[in-house]
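To keep things clear, I will list the structure first and then write my remarks on it.
The values are calculated or read from the model by the stated rules, or taken from the named source; none is laboratory data. As the structure is a prediction and not an experimental result, all values here were calculated from the model. So basically every Cβ, Gly included, is an ideal-geometry build from the backbone, and we count neighbours across all protein chains shown. Heads up: the accessible areas ignore ligands, DNA and RNA and are worked out on the full protein's heavy atoms, side chains in. Shrake-Rupley method; radii C 1.70, N 1.55, O 1.52, S 1.80 Å.
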Amino acid sequence: MPDFRVPNPYDALPDLPALEVTSESFAEGETLSAPQLGGVMGVEGGQDRSPQVSWSAGPEGTESYVVTLFDPDAPTASGFWHWSVANIPASVTSLPEGACTGQDTSGMPEGAVVVRNDAGFKGFVGAAPPAGHGPHRYILAVHAVGAQLSVGEDASCAFVGFNLFGEGVARGTLTGLFEQ
């Protein structure tokens, strides 16, 4: 992988047992393809389809999962949140590609809460780094949680992350790349 200016933000969080995270949409370090690119952000051919993701079951005491997609390399002081889904039932260990497509969240499991991304809507926005800014990392994270999080549908992705602190019981990540 290229040498990135910003460290992996998950390295600064408390260590947790590892979940194995895989995707049929992309492999670790692989370039994202059109379905996961940001059509609503002007990327030609982008489809704003959430990636397929599977994960190993969390440890005993897991009550729910949170799935997020974050770009730490966005030219902001806070990165860019593309997707955050809280309170996925503990019985679910995978989501199909397109469970969220743009603002259509109808493919999400019952009880899951999709919150507002940094593009300003509830749903999935694909990769759309500024042209010429270099490669960006898109970190797909799955968090096993020992509770149902108290987050409303008007919450932000960062608020979900804040509420994960102290509630997470395991975590796994998978990183895709894209540049324009």
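Of note:
- Test: GLU30 is surrounded by 13 or more Cβ atoms within 10 Å (Cβ to Cβ) and over 24 Å from GLY111 (Cβ atoms): yes
- Across segment 1-27, the qualifying residues are those that are of a type in the set (A, V, I, L, M) and assigned to a loop (DSSP other than H, G, I, E, B), and the one among them that is most open to solvent (accessible area, probe 1.4 Å) is MET1.
- Qualifying positions in segment 161-180 - of a type outside the set (Gly, Ala, Ser) and either closer than 16 Å to LEU16 by Cβ or loosely packed, with under 15 Cβ neighbours inside 10 Å (or both): PHE162, ASN163, LEU164, PHE165, GLU167, VAL169, ARG171, THR173, LEU174
- Per-region count, segment 39-62, residues within 18 Å of MET108 (Cα to Cα) and either charged (D, E, K, R) or part of a strand (DSSP E or B) (or both): 5
- Filter pass, GLY61 being open to solvent by 10 Å² or more (accessible area, probe 1.4 Å) and touching a residue at least 40 places away in the same chain (Cβ under 8 Å): yes
- When PRO35 is tested against (1) assigned to a loop (DSSP other than H, G, I, E, B); (2) in contact with a Lys or Arg (Cβ under 6 Å, 6 or more places away or on another chain), just one condition goes unmet, and that condition is (1).
- Considering segment 129-139, and only residues there that are part of a loop (DSSP other than H, G, I, E, B) and open to solvent by less than 30 Å² (accessible area, probe 1.4 Å), the residue that is nearest to GLY45 (Cα to Cα) turns out to be PRO129.
- Residue match in segment 7-24 (condition: modelled with pLDDT of 95 or more, farther than 16 Å from LEU177 by Cα, in contact with a Leu (Cβ under 7 Å, 6 or more places away or on another chain) and not β-branched (Val, Ile, Thr)): no
This table checks each residue for (1) open to solvent by less than 40 Å² (accessible area, probe 1.4 Å); (2) within 20 Å of GLN148 (Cα to Cα); (3) modelled with pLDDT under 95.
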site	(1), (2), (3)
ALA77	no, no, yes
TRP83	yes, yes, no
THR93	no, yes, no
PRO96	no, no, no
THR101	no, no, no
SER106	no, no, no
ARG116	no, yes, no
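- Among the residues of segment 44-58, the ones that are closer than 21 Å to ALA147 by Cα and surrounded by fewer than 20 Cβ atoms within 10 Å (Cβ to Cβ) come to 3 in all.
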